[in-house]
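Working notes, structure below.
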Amino acid sequence: MAAPATIRCCAAALTLMLYILIISPSSSAIYCDEDDCYDLLGVTQTANASEIKKAYYKLSLKHHPDKNPDPESKKLFVKIANAYEILKDEATREQYDYAIAHPEEVFYNAARYYHAYYGHKTDPRFVLVGLLLILSGFQYMNQMTRYNQAVAMVKKTPAYKNRLRALELERSGGVTNKKKSNKQMDKKVEEDLSKELELDIKGTQKPSIWELLGVRFIILPYTIGKLLLWNGCWFWRYKVKHAPYSWEDAAYLTQRSLRVPPDAWGSIDESTKEDLVQRRLWVKSNLETYFAGLRKESKRRR
């Protein structure tokens, strides 16, 4: 069983070698195609920067499209300009010389070439903006999909159909018209009812641009400033002046102590909120007493 596996490994290695040596171009070809960058400028590999610059200016005067209308000369000028761009920079020239000396390292040389020519030319700010736009787009699509699925599920419930029926009767004055011509009216009624049902959908919300990553990143300085101002006012009012908590701030402390999400806290009725706030649950001993009472009540019901 080992022999066939060995043969397959050898075959794969041979295929890779053939690809590198025959199918794939040489490492240096990615720089100046099949030409030699030094030959295009008419200089040797040991030429210094000044000699390369002089050779380029001399050839550019001869083959520039404004000086020479010959189409072949124009093609040659493009090659010469590309060769000069590679050799005038010490980093790219070093990479090109390495590719000439190590033609077998095809993938490594190609990676260095594309990194040098495309990596540094991309403004990181544009990359960041593009990334935020893409992420925000996916985020919005995901939220919209979840919201539409939730709405579709609500529309299938008997409660929704009953409310739709009740609304239709209310608008028609208690008279129902069953003619087919009123299907468009039924659709309009359903659309109006869907807007009323938005508040009844739990676990998901309609997408908001203010919740997108891109928008939140843009307004991040404002958010940080607002947070610092809020904490500063809180510290001055309750730590320095020792003022009594307002109902809103006491409700916030209660919600945080109970670790209740803002959406869930908003759905609690006002009387229950009032009772919880009066218990002063942000005090550790009061919170422990409250949880102990809940556990005791749970055991009693069992």
Open item on the list: Which residue is farthest from residue 234 (Cα to Cα), if the candidates are limited to region 249-273 and must be of a type in the set (Asp, Glu) and loosely packed, with under 12 Cβ neighbours inside 10 Å?
Closed with: 269
Open item on the list: So, residue 99, is that one in the same structural domain as residue 36 (by the TED database), modelled with pLDDT of 85 or more and open to solvent by less than 30 Å² (accessible area, probe 1.4 Å) or not?
Closed with: yes
Open item on the list: If a residue counts only when it is modelled with pLDDT under 55, within 47 Å of the chain's Cα centre (by Cα) and among the β-branched types (Val, Ile, Thr), which helices (runs of 4 or more DSSP H) contained entirely in region 1-72 have at least 3 such residues?
Closed with: 2-18
TODO: Residues being open to solvent by less than 90 Å² (accessible area, probe 1.4 Å), among the hydrophobic types (A, V, I, L, M, F, W, C) and without any contact (Cβ under 8 Å) to a residue 40 or more places away in the chain: count how many of those fall in region 205-235.
DONE: 5
Open item on the list: Among the residues of region 45-61, are any of a type in the set (A, V, I, L, M, F, W, C) and either touching an Asp or Glu at 6+ places or on another chain (Cβ under 6 Å) or under 21 Å from residue 30 (Cα atoms) (or both)?
Closed with: yes
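The values are calculated or read from the model by the stated rules, or taken from the named source; none is laboratory data. What you see is a predicted model, and the numbers here were worked out from it, not measured in a lab. Backbone-built Cβ (ideal geometry, glycine too); neighbour counts: all protein chains shown. Side chains are part of the model used for accessible areas, which takes the heavy atoms of the whole protein and leaves out ligands, DNA and RNA. Shrake-Rupley method; radii C 1.70, N 1.55, O 1.52, S 1.80 Å.
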